[in-house]
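**Q** Have a look at this one.
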Amino acid sequence: MDALYGYMLYGISLATMGGIYAVLTLGLNVQWGFAGLFNAGIAGFFGIGAYTTAILTTSATHRHIGGFEMPYIVGFLAAMLICGVIAYLVGKVCLRLRSDYLAIATIGIAEIFRLILKNETWATNGPRGVSEIPKPFEHWPEPWNQFGFLLLVLVVVAIVYVLVEVARKSPWGRVMTAIRENEPSAKAAGKNVENFRMEGFVIGCMIMALAGALMAHYLKFVDPNATDPLLATFLVWVMLIVGGSANNKGAILGAFLMWVVWSATEIVTSRLPDELAIRAAYIRIFLIGLMLQIFLQKFPQGILPEKRPDVAKSNGNAETKMAD
Amino acid sequence: MADFINFYFIPGLLLGSIYALGAIGITMTFVILRFANFAHGESMTLGVYFAWSLVQITGWHPLVVMPIAMILTVLYALSIDRLFYKPLRNAPVVMLVVASFGLMLMTRSVIQFFWGVQLKSVLPGIQKPILVMDYLRISPKHMMIMASALVLMFAVHYLLTYTKIGKAMRAMSDSPELAKLTGIDTEKVVVATWVVGAALACAAGVFLAIDTHVETRMGFKLLLPMFAAAILGGVGRPYGALVGGLIIGLAEEISSYPFIGTEPLLNPGYKAGVAFAIMIGILIWRPSGLFKGKVF
């Protein structure tokens, strides 16, 4: 019975983390899947979101600035707002150039944020991070507190999914696809390419900040490792490419699937003797990178390929009128 | 003044020439293969570990084994191109950026797997700086690095100016379409780009390793300054990359000189941010860089 209970708790934590990664992947999907923008600094936006809510919601301590004790919702919204502003500034500089420049600048933002975390210890407690972050439902009895948080994450995933799905099917989403597929013709059709790209980039970063905020409250702790480009950036890319770029269902599927694969392989490697376990961890990264390359070359569409919204149906009226 | 030269200007020049050599590969790949190669820093790290292993095996000086390490790094770069970039050459270019991003982590994990993550050194022992003209202090290893970097820069200059393949590379970087029309073999130029880029990356890495130490994140740490140098000099301009690298290196070191009062102008902890700030500035005001490079 105890074992079963343990498995259940493990399952909940797996689903919670998978859900947080699903939010991140949906954010990346808006940028990469919809708009074709390369964000190499997901970890940075994720970390900024996590730290923002951490500073705003914790109670007073001498270790870092804070003591605001704001409600969670304020933390979430502030995280999204700050990331939105930073994304806007980065976008303003880079979006008129090709995607490569954005990639370089975003990886730069992530590194700069890491430098700030490291140097401004008075504000962020440096490498020791911010702890004792309040967690929603934590006063509920075990395991209901875990369930409660999982539910919160799933609700957030559902809301974000519905919103980005509506966006994808809307005229806005179709313009995004047009820009991604054929920029000159979108321009010729009178679309302001830079503005659309900016919207996609900012919205994507705000969603990533939300995921970061969720993670901070879930773990009750955040340190500069949260901005490690490996976990937060690389995994999310693999999740989206494997799941299916430009397909929101694919993004969610990819996130849960790859998180399970990632965690399951960790269970295997952690049973090896110490020396081997450390080395095996690198093999895991290598293999997951190889998986990315195989998908890029052989199945660029991912598991769930992109489905274009039915143009005939949504434009039905206009077209029948034309036919008449 | 002596302090400024000894502790800020010379280290800046040293760091700058390391950035410069690394940035040449970045700028040429950017313009000839048309993508920002995120795995370039990792070629550098791998080159350093090749050199470290060769030093362990032979016991020779790192600069002596460096040519062999360069060849090994070139072989690595060429096989990566064959396996991972070539199949994507007809896909949208941004796919290549994604692939290079993946390769960055794959290569690093391979390095960590085989060599571990502990700090290593290619040149053990401390060397006493030599006093020049009473107040200039230059350590012999710094002189060696500078001299070797200069030799490599001249070699690049010779290659680009006087050899057929070098001229083809410059033609490709000016206008790929025109270059193809005049019958330049694109694949040959691509191979040459990898050879030059990887060899210089390895050399830059070994210089850095001689100056500091060997660690698995060293290439990644150099990635941003190298991109900044390439963009500052103008994408596709090898001489621009040299100048850009020197400027970035000098700016990083000099930024912490106490110009006003006794406090450093910029907290040395933010040195790495200088390259980023310069890059953002150039992207805002002059995306084509100092030497009128390509803007995509």
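**Q** Under the 0.36 nm per residue contour assumption, what length would be gained going from the current alpha-carbon distance of A:Leu4 and A:Lys249 to full extension?
**A** Numbers: separation 245, 0.36 × 245 = 88.20 nm, distance 3.04 nm.
My answer for the length gained is 85.2 nm.
**Q** What order, most packed first, do the peptides A:128-137, A:249-258 have when packing is the mean number of other Cβ atoms within 10 Å of each residue?
**A** Sorting A:128-137, A:249-258 by mean packing, highest first, produces A:249-258, A:128-137.
**Q** Over the whole of A:233-243, what's the average partner chain Cβ count within 10 Å per residue? Rounded to a whole number, please.
**A** 2
**Q** For a label point 7 Å from the Cα of B:Thr161 along Cα→C-beta, name the residues of region B:192-235 whose backbone N is under 19 Å from it.
**A** none
**Q** Would you mind calculating the gained length between A:Glu165 and A:Asn225 on full extension (0.36 nm times residue separation, minus the Cα-Cα distance), in nm to one decimal?
**A** Details: separation 60, 0.36 × 60 = 21.60 nm, distance 3.18 nm.
Extra length from A:Glu165 to A:Asn225 when fully extended: 18.4 nm.
**Q** Just to check I understand the Karplus step: with θ = phi - 60° and J = 6.51 cos²θ - 1.76 cosθ + 1.60, what whole-Hz values come out for region A:196-212, glycine and proline as x?
**A** Ordered by residue, 3J(HN,Hα) equals 4, 4, 4, 4, x, 5, 5, 4, x, 5, 5, 5, 5, 5, 4, 4, x Hz.
**Q** Another one. Any idea which of A:Gln297, A:Ser131, A:Tyr7 is furthest toward the positive side of the dipole for chain A, if Lys and Arg beta-carbons carry +1 and Asp and Glu beta-carbons -1?
**A** Of the options given, the answer is A:Gln297.
**Q** Which one of B:Leu119, B:Val94, B:Met146 is farthest out on the positive end of the charge dipole of chain B, using unit charges on Cβ (Lys, Arg +1; Asp, Glu -1) and the Cα centre as origin?
**A** It is B:Val94.
**Q** Right, another one. Would you please give the residues with an amide H less than 5 Å from that of A:Thr61, counting only those at least 5 places away or on a separate chain, with H modeled from the backbone geometry?
**A** A:Gly67
**Q** If you don't mind, another one. Can you tell me the FRET efficiency between B:Phe114 and B:Ser139 if r is taken as the Cβ-Cβ distance and R0 is 30 Å, rounded to the nearest 0.05?
**A** 0.45
**Q** Do you know the relative contact order of chain B, to the nearest whole percent, from alpha carbon pairs under 8 angstrom that are 6+ apart?
**A** Worked out over chain B, it gives 35 percent.
**Q** Something else now. Quick one: grab the alpha carbon gyration tensor of region B:106-181, order the square roots of its eigenvalues as a ≥ b ≥ c, and give me rounded if a/c is under 1.5, else prolate or oblate depending on whether a/b is larger than b/c. Provide the component values of the computation, followed by the final result.
**A** On the way: a/c = 4.46, a/b = 1.43, b/c = 3.13.
Here region B:106-181 falls in the oblate category.
**Q** Considering every residue in B:89-101, what mean count of other chain Cβ atoms within 10 Å of its Cβ is obtained? Show your work: numbers first, answer last.
**A** Values: counts 0, 0, 3, 5, 3, 10, 5, 2, 8, 15, 5, 2, 10.
For this peptide, the per-residue mean of nearby foreign Cβ atoms is 5.
**Q** Using +1 on the beta carbon of Lys and Arg, -1 on that of Asp and Glu, and nothing else charged, what's the dipole of chain B about the Cα centre, debye to 20? Can you show the working numbers first?
**A** Working: 21 positive and 13 negative charges, 131 e Å.
So the magnitude is around 640 debye.
**Q** For region B:285-296, take each phi angle, set θ = phi - 60°, evaluate the Karplus expression 6.51 cos²θ - 1.76 cosθ + 1.60, and give the result in whole Hz per residue in order, putting x for glycine and proline.
**A** These are the phi-based 3J(HN,Hα) values: 8, 8, x, 7, x, 5, 9, 6, x, 7, 10, 9 Hz.
**Q** Show me the ranking of peptides B:136-148, B:23-35 by mean Cβ neighbours inside 10 Å, starting with the highest.
**A** So the peptides B:136-148, B:23-35, ranked by packing, come out B:23-35, B:136-148.
**Q** I'd like the distance separating the alpha-carbon centroids of region A:22-94 and region B:8-83, in whole Å.
**A** 35 Å
**Q** Calculated FRET efficiency, B:Phe154 and B:Val132, Cβ-Cβ r, R0 25 Å, to nearest 0.05? Before the final figure, lay out each step's value.
**A** On the way: r = 23 Å, r/R0 = 0.92.
Computed FRET efficiency for B:Phe154 and B:Val132: 0.65.
**Q** Same structure again: Take every Cα pair under 8 Å in chain A that's 6+ residues apart, average their separations, divide by the length, and report that relative contact order as a whole percent.
**A** Values: 497 pairs, mean separation 98.9, N = 324.
Across chain A, relative contact order equals 31 percent.
**Q** Subtracting the Cα-Cα distance from 0.36 nm times the residue separation, let me have the gained length for A:Ile65 to A:Lys92 in nm, one decimal.
**A** The span from A:Ile65 to A:Lys92 would gain 6.7 nm if fully extended.
**Q** For A:Arg98, which sequence-distant residues (separation of 5 or more, or a different chain) have an amide H within less than 5 Å of its own amide H, given hydrogens modelled in the peptide plane?
**A** HN-HN under 5 Å from A:Arg98: B:Phe296.
**Q** Further question: Let me understand region B:2-216 better: what is its radius of gyration from the alpha carbons, and its Dmax, in angstrom?
**A** For region B:2-216, the Cα-based Rg and Dmax read 18.5, 60 Å.
**Q** Let me ask something additional. Which residue, B:Tyr19, B:Tyr270, B:Tyr85, has the most motion in a Gaussian network model of chain B that connects Cα atoms within less than 10 Å?
**A** Taking springs between Cα atoms under 10 Å, the residue moving most is B:Tyr270.
**Q** What aspartates and glutamates sit close enough to A:Lys298 to cross-link, taking a C-alpha to C-alpha distance under 16 Å and skipping anything fewer than 8 places away on the same chain?
**A** A:Glu306
**Q** Could you tell me how many cubic angstrom of Cα convex hull volume the protein assembly as shown has per residue?
**A** Dividing the Cα hull volume of the protein assembly as shown by its residue count gives 183 Å³.
**Q** For B:Arg137, what residues show an amide H to amide H distance below 5 Å, using hydrogens built from the backbone and excluding near sequence neighbours?
**A** B:Val132
**Q** Based only on other Cβ atoms within 10 Å, what is the fewest-to-most ordering of B:Asp174, A:Asp100, B:Asp81?
**A** Fewest-to-most Cβ neighbours within 10 Å comes out as B:Asp174, B:Asp81, A:Asp100.
**Q** Hey, what do the phi angles of region A:232-245 turn into as Karplus ³J(HN,Hα) couplings, whole Hz, using 6.51/-1.76/1.60 and θ = phi - 60°, x for Gly and Pro?
**A** These are the phi-based 3J(HN,Hα) values: 6, 8, 5, 4, 5, 4, 4, 4, 5, 5, 5, x, x, 5 Hz.
**Q** Please go through the residue pairs A:Lys220/B:Lys221; A:Lys187/B:Lys86; A:Lys92/A:Lys118; A:Lys92/A:Lys187; B:Lys86/B:Lys180 and name each one whose alpha carbons sit more than 21 Å apart in this structure.
**A** A:Lys220/B:Lys221; A:Lys187/B:Lys86; A:Lys92/A:Lys118
**Q** Moving to a separate point now. Compute for region A:13-227: radius of gyration divided by Kirkwood radius, i.e. Rg/Rh, restricted to C-alpha atoms, rounded to two decimals.
**A** 1.01
**Q** Next question, about the same structure. Using the Cα atoms of region B:153-296, I'd like the radius of gyration and the largest Cα-Cα distance, Dmax, both in angstrom.
**A** Rg then Dmax for region B:153-296, in Å: 17.4, 61.
**Q** Another one. Please find, in a Gaussian network model of chain A (springs between Cα atoms separated by less than 10 Å), the residue of A:Ala110, A:Ala60, A:Ala87 whose mean-square fluctuation is greatest.
**A** Largest GNM mean-square fluctuation: A:Ala60.
**Q** Rank by packing, highest mean first: peptides B:279-286, A:184-191, B:10-17, A:40-47, with packing defined as the count of other Cβ atoms within 10 Å averaged across residues.
**A** Ranked by mean Cβ neighbours within 10 Å, highest first: A:40-47, B:10-17, B:279-286, A:184-191.
**Q** Related question: Classify region A:9-92 as rounded, prolate or oblate from the Cα gyration tensor: take a ≥ b ≥ c as the square roots of its eigenvalues, call it rounded if a/c is under 1.5, otherwise prolate when a/b beats b/c and oblate if not.
**A** Values: a/c = 2.56, a/b = 1.27, b/c = 2.01.
Because a/c hits 1.5 or more and a/b fails to exceed b/c, region A:9-92 counts as oblate.
**Q** Going by how many other Cβ atoms sit within 10 Å of their own, how do A:Cys205, A:Cys83, A:Cys94 line up, fewest first?
**A** Working: A:Cys205 34, A:Cys83 28, A:Cys94 25.
Fewest-to-most ranking of A:Cys205, A:Cys83, A:Cys94: A:Cys94, A:Cys83, A:Cys205.
**Q** OK, next. Rounding to the nearest 20 debye, state how big the charge dipole of the protein assembly as shown is about its Cα centre with +1 on each Lys and Arg Cβ and -1 on each Asp and Glu Cβ. Please list the in-between numbers first.
**A** Values: 46 positive and 35 negative charges, 296 e Å.
So the dipole magnitude of the protein assembly as shown works out to roughly 1420 debye.
**Q** Which aspartates and glutamates, on any chain, are close to B:Lys141 with Cα under 16 Å apart, when same-chain ones fewer than 8 places away are left out?
**A** Within reach: B:Asp211.
All of the numbers you see were taken from the coordinates with simple rules; none came from a lab. This one's a predicted model, so the numbers in the text were calculated from it and none came from an experiment. Every residue, glycine among them, receives a Cβ derived from its backbone with ideal geometry; neighbour counts consider all protein chains shown.
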